[in-house]
Amino acid sequence: MAPSLNSSQNRRLPPEMWLSIFNWATFYPTRNAYSTTYQPFCNFQFSEADRTFRTKRVLALVCREWYALSKEFLYQDIRIGRSQGSLMTALDRRGDGAGYAKLVRRVVLPYQSTTTATYNPNPLPSVEILKLCNQLEVLVRPRLFSTASPDLPIELPRFEFEADCTPLPTLKRLDWNYNFDAERTGGINSLNVVLRNAPNLQYLFLGNFTDRTYITTAQPIQLPHLRTLSLSAISAQILYQLGYRWSLPSLTHIIIGALYIHNIESLWENYGEQLGSVEFGRHLGFLMGDHVGPCLASCPNLEELYYYIFFTLPPTFTDVHYSITSVGLHAATNMMVEDESIWKLLENHFSALLGGALPELRHVHLFGDWDHILHDKRFAPSSARLRSGGYEVHVYP
């Protein structure tokens with residue numbers, strides 16, 4: 001008979017070893033949802049968090065010993081769903097704020113949990129839960145997916161009355177997917193309100209913005225510690241806010257996922273001198289015009305450049321840029337580019353990057369599936385350039 005989990009054989013492992021095992025079992029394999037620093041091509045997927053949370057629950061249900069050991073990981077990442085009363089009880093069992101709430105580092109707060117369909121003078125239960133989490137570092141507002149069918153009608157969340165908020169002094173990262181209906185109710189549903197309540201924010205992701213998204217704020221937004229700004233898309237409205245309503249003196253890294261407008265030069269005019277790295281996303285808008293060249297021309301201190309090579313027009317450099325030391329290229333497939341055009345596109349990119357306009361370039365980082373490219377004879381000219389130039393090439397799966 002196999003030994004039970006409570007047998008002496010299992011107890012031989014010290015608690016520190018079990019903690020290490022649990023940590024690796026519940027660690028996001030490719031992306032760190034807790035990170036507050038910039039990581040190239042690191043667009044976090046919520047499905048990974050869901051799988052990890054299920055693993056944590058399974059570990060906690062094995063036995064009492066495993067529950068005691070794994071509770072730190074179990075409560076580190078919570079999702080505020082329907083059972084808010086039960087969650088609040090679990091987080092504040094002692095009633096003095098010193099319960100499991102102190103273990104919470106990341107909270108996923110769906111818009112369904114902050115609806116205001118009817119007037120209620122009492123604070124939202126979800127906001128009360130946030131108040132308990134006095135060590136909260138990451139807050140996620142995921143997109144509101146609502147689909148209805150004749151067989152299974154779904155009641156759409158309603159946002160009619162004002163929502164409340166709470167100070168978030170420990171918050172370091174905010175992943176915010178915009179919702180116009182919710183934004184109107186203010187409080188925890190309003191991006192502007194949350195930003196004003198999170199003065200120590202270091203990482204901000206803004207998603208679900210369209211070319212018609214309208215943002216307004218009576219007071220300027222000041223984020224003195226924000227270093228990384230990730231935009232799922234950039235529009236004229238966002239450009240205006242960044243240029244005239246927001247103050248980001250520490251901004252060093254910016255990620256632009258997609259373009260709704262062609263001219264983004266005002267972004268470089270406002271923040272170009274302070275940027276250390278720029279990443280362009282996987283969007284056909286970057287193939288419609290040269291955005292890399294103007295970026296480097298307006299960012300004199302830029303050291304790192306990242307972009308999807310098959311979604312970006314080869315840059316044209318009119319000057320020499322001495323600050324660039326590292327370039328990262330992602331080989332994600334673009335179904336709009338034909339096979340023969342791929343090799344011409346590759347050649348033009350490497351000719352521009354290795355042609356002398358970036359004399360201090362030393363590191364070339366290749367992300368994604370480059371295996372078939374590197375071993376194809378049509379890549380030989382670019383490969384020869386890399387070897388003759390003495391560049392350090394780093395390949396990541």
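The values are calculated or read from the model by the stated rules, or taken from the named source; none is laboratory data. This one's a predicted model, so the numbers in the text were calculated from it and none came from an experiment. Heads up, the Cβs are rebuilt from the backbone with ideal geometry, glycines too, and the neighbour counts pull from every protein chain shown.
Structural remarks
- Some residue of the range 331-344 being assigned by TED's automatic domain parsing to the domain that holds residue 278, at pLDDT 95 or above, buried (at least 19 other Cβ atoms within 10 Å of the Cβ) and part of a loop (DSSP other than H, G, I, E, B): yes
- Which listed residue, of 121, 40, is assigned to a loop (DSSP other than H, G, I, E, B), over 16 Å from the mean Cα position of the chain (by Cα) and modelled with pLDDT of 75 or more: 121
- Taken over the range 338-353, the criterion of being closer than 14 Å to residue 378 by Cα and out of contact with any helix residue (DSSP H, G or I) (no Cβ under 8 Å at 6 or more places or on another chain) is satisfied by 339, 340, 341, 344, 348.
- Pick from the range 192-206, criterion in a strand (DSSP E or B) and not aliphatic (A, V, I, L, M), ranking: surrounded by the fewest Cβ atoms within 10 Å (Cβ to Cβ): 205
- Selection from the range 363-380 of residues that are assigned to a helix (DSSP H, G or I) and touching a residue at least 40 places away in the same chain (Cβ under 8 Å): 373
- Residues of the range 199-220 classified as more than 17 Å from the chain's Cα centre (by Cα) and either under 13 Å from residue 140 (Cβ atoms) or hydroxyl-bearing (Ser, Thr, Tyr) (or both), total: 5
- Qualifying residue in the range 259-275 (condition: out of contact with any helix residue (DSSP H, G or I) (no Cβ under 9 Å at 6 or more places or on another chain), outside any helix (DSSP H, G or I), under 21 Å from residue 329 (Cα atoms) and of a type outside the set (Ser, Thr, Tyr)): no
- Top-ranked residue of the range 217-237 - restricted to ones that are hydrophobic (A, V, I, L, M, F, W, C) and assigned to a strand (DSSP E or B), ranked as modelled with the highest pLDDT: 229
- Selection within the range 153-186 - of a type in the set (Lys, Arg), surrounded by 15 or more Cβ atoms within 10 Å (Cβ to Cβ) and in a loop (DSSP other than H, G, I, E, B): 172
- Pick from the range 253-275, criterion within 21 Å of the chain's Cα centre (by Cα) and small (Gly, Ala, Ser), ranking: nearest to residue 41 (Cα to Cα): 257
- Candidate set: the range 381-397, residues that are at pLDDT 95 or above and part of a strand (DSSP E or B); chosen: the one surrounded by the fewest Cβ atoms within 10 Å (Cβ to Cβ): 392
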